[in-house]
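Q: Pasting a structure below so you can have a look.
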Amino acid sequence: MSLKDGQYKVIAEVYQGEKLPLIVNVENGKVAGIKSEEKLADTNLNKAVIDTFSHEISRTQSLNVDAVSGASYSSKGILVAVKKAVVDAGGSTDDNEISTANVEHYDATTRTNVNDYSNWREKPQKIVKTIDTDLVIVGSGIAGLAAAVQAGELGLNTVVLEKNSFVAGNGGGVEGIFGINTKMQQAAGIHTEPEKIIAKEMQLVQYRVDGSFWVDLVNNSSANIDWLIKNGVKLTKVDDYAGICQFPTFHWFKDGVAASGYVPYMKKKADEYGVKFLLNTPAYSVIYEDNKVKGVYAKTTE
Ligand SMILES: Cc1cc2nc3c(=O)[nH]c(=O)nc-3n(C[C@H](O)[C@H](O)[C@H](O)COP(=O)(O)OP(=O)(O)OC[C@H]3O[C@@H](n4cnc5c(N)ncnc54)[C@H](O)[C@@H]3O)c2cc1C
């Protein structure tokens, strides 16, 4: 593959229709990186998408990159913009693979496909240890920690498998949490109308999501926040994300990050319930019997 070297300026349409100017750098005929124009303010979430995509696209020379969790709209907009840059550089993006006409094609057999989950039912060659438990949670990000605490409340014997050497996942950088008509909002004299928020969110994604999830999230958001606070999570203020969002539904974690206001408290709570965390232990595949998932195979360093 050989694209024309240069810096290609393109505009990505991101969350809420905002325009995010990007520079796609092509070096030695390949996409070498993506960055936003430095002077322009963009959100942490957009930066996370750009960093992830920059790394994955330059590594694989493919646009088959998973959307960044929590930023699917921006992910899609940024990918569309990168496609345009590839075309500007004389390439094409059929099946999302970056190529140019009349040049060597990517050898699929040598590529590690980041979306290849074909081993999901494979049994490892060697099993060194078996742990019997009521519940296994894969991943100790923001969701895994909440699941661990809830499992503790329910009295379940629980094991959490975490591939990293620390808990938090992407959740450590999360700044705050969405809530409607919470006690914090009431105390701040804020009233929000759920119907308006659901209607706006549905409109923003062009009605291509299942609205019942939004209704569920909205209806439970206040009770969810009560539950988090009961379990020690520290929230400091509620606003419209410092003027950026349309509705004042953003509840900030202590110090503006979950690494400070959420993760340590939820981990402590899960520990108190006796949840067992196995760090550096990636889940590898599932144990699938009688059309049911009965467990998980994981790699251990023990
Ligand atoms: C920069 C940034 C800012 C954000 N800000 C906000 C915000 O302010 N508010 C908000 O609501 N959302 C925000 N989001 C979105 C939010 O981070 C995600 O929605 C949230 O982290 C998803 O939680 P999760 O637990 O599903 O995933 P993660 O937090 O990503 O956790 C997944 C965990 O699973 C582990 N794991 C993965 N594969 C395996 C495996 N095979 N075996 C074992 N462990 C595994 C990972 O190591 C990780 O610890 C933000 C995202 C980013 C990137």
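Q: Run the helix sum for the chain: -39,500 (n - 2.57) per DSSP H stretch of 4+ residues, divided by residue count, reported at 222 nm to the nearest 500 deg cm²/dmol.
A: Details: 8 runs with 96 residues, N = 302.
Result for the chain, helices only: -10000 deg cm²/dmol.
Q: At 1.4 Å probe radius, can you tell me the per residue accessible area of the stretch 135-296 in Å²?
A: On a per-residue basis, the stretch 135-296 sits at 53 Å².
Q: Lys4: which aspartates and glutamates have alpha carbons under 14 Å from its alpha carbon, excluding same-chain residues fewer than 8 sequence positions away?
A: Of all the aspartates and glutamates, those that pass the test against Lys4 - Cα under 14 Å, at least 8 places apart if same chain - are Glu27, Asp88.
Q: Could you pull out every one of the aspartates and glutamates with an alpha carbon less than 20 Å from that of Lys276, ignoring same-chain neighbours closer than 8 positions?
A: Asp132, Asp134, Glu153, Glu162, Glu302
Q: Shifting gears a bit: On the protein heavy atoms, probe 1.4 angstrom, tell me the percent of accessible surface of the chain carried by carbon and sulfur.
A: Working: 8960 of 17500 Å².
The C+S portion of the solvent-accessible surface of the chain is 51 percent.
Q: Could you compute how fast the stretch 135-296 diffuses translationally, taking Rh as the Kirkwood radius over C-alpha pairs and applying Stokes-Einstein at 10 °C with viscosity 1.306 mPa s? Give it in µm² per second. The partial results should precede the final answer.
A: Details: Rh = 17.3 Å.
The calculation lands on 92 µm²/s.
Q: Okay, next question. May I have the extent of the alpha carbons of the chain along their three principal axes, as whole Å values ordered from largest to smallest?
A: 62, 58, 34
Q: Compare the peptides 231-239, 260-268, 144-152, 292-300 by average per-residue count of other Cβ atoms within 10 angstrom and give them in order, highest first.
A: 144-152, 260-268, 231-239, 292-300
Q: Enter the per residue convex hull volume of the stretch 194-263, computed from alpha-carbon coordinates, in Å³ rounded to the nearest integer.
A: 102
Q: Cross-link list Lys230/Lys254; Lys30/Lys84; Lys126/Lys294; Lys76/Lys254: which exceed 20 angstrom alpha carbon to alpha carbon? Intermediate results must be reported in sequence, preceding the final value.
A: Details: Lys230/Lys254 15 Å; Lys30/Lys84 14 Å; Lys126/Lys294 18 Å; Lys76/Lys254 31 Å.
The pairs that break the limit, which is 20 Å between Cα atoms, are Lys76/Lys254.
Q: I would also like to ask the following. Sort 245-251, 220-226 by the packing proxy (mean of other Cβ within 10 Å over each peptide's residues), most packed first.
A: Highest mean packing first, the order is 245-251, 220-226.
The values are calculated or read from the model by the stated rules, or taken from the named source; none is laboratory data. No experiment lies behind these values; they were computed from the predicted model shown. In this analysis, Cβ positions are derived from the backbone assuming ideal geometry, glycine residues included, and neighbour counts consider all displayed protein chains. When the accessible area is computed, the model is the full protein with side chains, heavy atoms only, and any ligands, DNA or RNA have been set aside. Shrake-Rupley method; radii C 1.70, N 1.55, O 1.52, S 1.80 Å.
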